[in-house]
Amino acid sequence: MFDDLSWVHGFGTLVHAIPLALFAILSFVALFDRRLSEQSIGALKMASNLSGLLATIFVCIHLVVSGEEHVEILIGDWAVIPHYDFQVKLTFDVLSIAFVLLTFVLCGVIGWFATRYLHRERGFNRFFVLFALFQAGMVIASLGDNIAVLFIGWEMVGLSGAFLVAFFQERPAPPRQGLHIWIVYRVADAALLGAAFAMHHHSGTADFNHLFGDAPWPNENSNATPTQALIVGFLLLIAAAGKSALIPFSGWLPRAMEGPTPSSAIFYGALSVHLGAYLLLRASPLLEASPLLAGIVVTLGLLTALYAYLAGSVQTDIKSALAYASLVQVGLIVAEIGFGWRYIPLAHMVGHACLRTVQFLRAPTLLHDYHTLSNAIGDHLHPPGGPLGRLMPARLQLWLYRFGMERGYLDAFLSAWVVMPFILAFRYFDKLEHCWMRFLKSERTSPDLNAIKEPK
């Protein structure tokens, strides 16, 4: 049975088809205003996760028994024209299977938690529609064998994440923060599209194996020149930085805590925040082909970890503190990828995702226990200061404290040097458009109605 590839392809197709089917069912039910009960939604969610997990395990067992290092599944050709082809193709290897298994396990745990956390919430059905969209996007992005399929899943994850941050739309802050995150994601998506165009220009296709090598991960050997690897890899690094909140895009991470605790856990503690690191792991052959790019990745990862440590040390709410703690580990994972390690960052990613999920889900009851203990002792619990604080001069401590409270001034930097130039440019173009329209309006003459009247 394990030697029959038709069975393997069938189960491999189910891995991504099951989350899409769950999203379609919940969406159509909501579209026709036929609300399902909370118990029915929870049962559908659990059945979907269990089925997808079992299908993934079957493919994994096939790889172990058969000795194959990867399996490719071609869904179909969507576009085949000169100098361009777009195939919907999935790949199952060590990297993608690990990330898909992590997705199904953690989405199952957080889905079970959310059915109780959001009990009797008005947007219960809306939450699980977006949650199903996110899970489908994560599975597609993980299994994508080319950058076009990965981009589809990438967009699904970004769209669902922005909507879930704005979940409590009755308050003004969540929609505003969701819009801010969506704008940052647009920058990352533009960089990913630029990498796709560069890959097409180099090899005529978006398949990873044409640029990263035909060998399965992590034994790939890129056939790109150092210049090509630097260009494509730098664009992928910008995309990963936007999705994983690396410097200079780290300012959106605490804003994402406006969403419900289950979405914060799955997005910015477990899966979505690691998607940029996953992209860099997938593109690891480019780092080997360009030592300069590898050095940039290491530097960016270490700077992000240091920044997140300083900013997280002065946070006053537990969700923001956990978010920055996650960013510290993500920065270290990115640095490990830049050093050329493969299995170490993958194991680090899996372990960190599981730990942060537990911590985020524990956060609401942890606050209750904290207040209970404070009331019992009659005073607030004061965390002990670190050893570095006692060795630093007072002025340096004050500066670092202010740096952390202002979150590294990244929001001010992006507003002044990235957002504002675009706003001024678009205002100038709008002014030119109005001037041009006034000019055309003044040049246009009205027709002589008397000249076209019919004779009596």
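Being within 17 Å of the chain's Cα centre (by Cα), buried (at least 24 other Cβ atoms within 10 Å of the Cβ) and part of a helix (DSSP H, G or I) is a property that residue 237 has.
Checking each residue in the stretch 257-272 for being more than 13 Å from the chain's Cα centre (by Cα) and not small (Gly, Ala, Ser) picks out 257, 258, 260, 261, 262. Cβ-Cβ distances below 8 Å connect the following pairs, each with a first residue in the stretch 187-211 that is under 17 Å from residue 282 (Cα atoms) and in a loop (DSSP other than H, G, I, E, B), a second residue that is modelled with pLDDT under 90 and among the aromatic types (Phe, Trp, Tyr), and a separation of six or more residues or different chains: 205/84; 206/86.
Going residue by residue through the stretch 83-99, is there one that turns out to be of a type in the set (Ser, Thr, Tyr), crowded, with 23+ Cβ neighbours inside 10 Å and in contact with a helix residue (DSSP H, G or I) (Cβ under 6 Å, 6 or more places away or on another chain)? Yes: one or more hits. Is it the case that residue 167 is over 21 Å from residue 232 (Cβ atoms), modelled with pLDDT of 85 or more, among the aromatic types (Phe, Trp, Tyr) and not in a helix (DSSP H, G or I)? Yes, satisfied. Mind listing just one residue for me: the one in the stretch 115-145 that is modelled with pLDDT under 90 and among the small types (Gly, Ala, Ser) and, of those, farthest from the chain's Cα centre (by Cα)? Looking at the filtered set, the residue picked out is 123.
Being among the β-branched types (Val, Ile, Thr), out of contact with any Gly (no Cβ under 9 Å at 6 or more places or on another chain) and crowded, with 19+ Cβ neighbours inside 10 Å is the filter here; which residues of the stretch 172-230 pass it? Can you show your working first?
Of the residues in the stretch 172-230, the ones among the β-branched types (Val, Ile, Thr) are 181, 183-184, 187, 205, 225, 227.
Adding the requirement that they be out of contact with any Gly (no Cβ under 9 Å at 6 or more places or on another chain) leaves 183, 205, 225, 227.
Residue satisfying the conditions is 205 alone.
Cβ-Cβ under 6 Å, sequence separation 6+ or interchain: first residue in the stretch 135-153 and in a loop (DSSP other than H, G, I, E, B), partner basic (Lys, Arg). Which pairs? Hits for this filter: 145/89. Applying the selection to the stretch 1-25, what residues are at pLDDT 90 or above, crowded, with 17+ Cβ neighbours inside 10 Å and either within 12 Å of residue 128 (Cα to Cα) or not hydrophobic (A, V, I, L, M, F, W, C) (or both)? Within the stretch 1-25, 19, 22, 23 meet the criteria. For the criterion of being at pLDDT 85 or above and either part of a strand (DSSP E or B) or exposed (fewer than 15 other Cβ atoms within 10 Å of the Cβ) (or both), residue 44 fails.
The values are calculated or read from the model by the stated rules, or taken from the named source; none is laboratory data. Quick caveat: nothing in here was measured; it's all calculated off a predicted structure. Because the Cβ atoms are built from the backbone with ideal geometry, glycine has one as well, and the counts that use them run over all protein chains shown.
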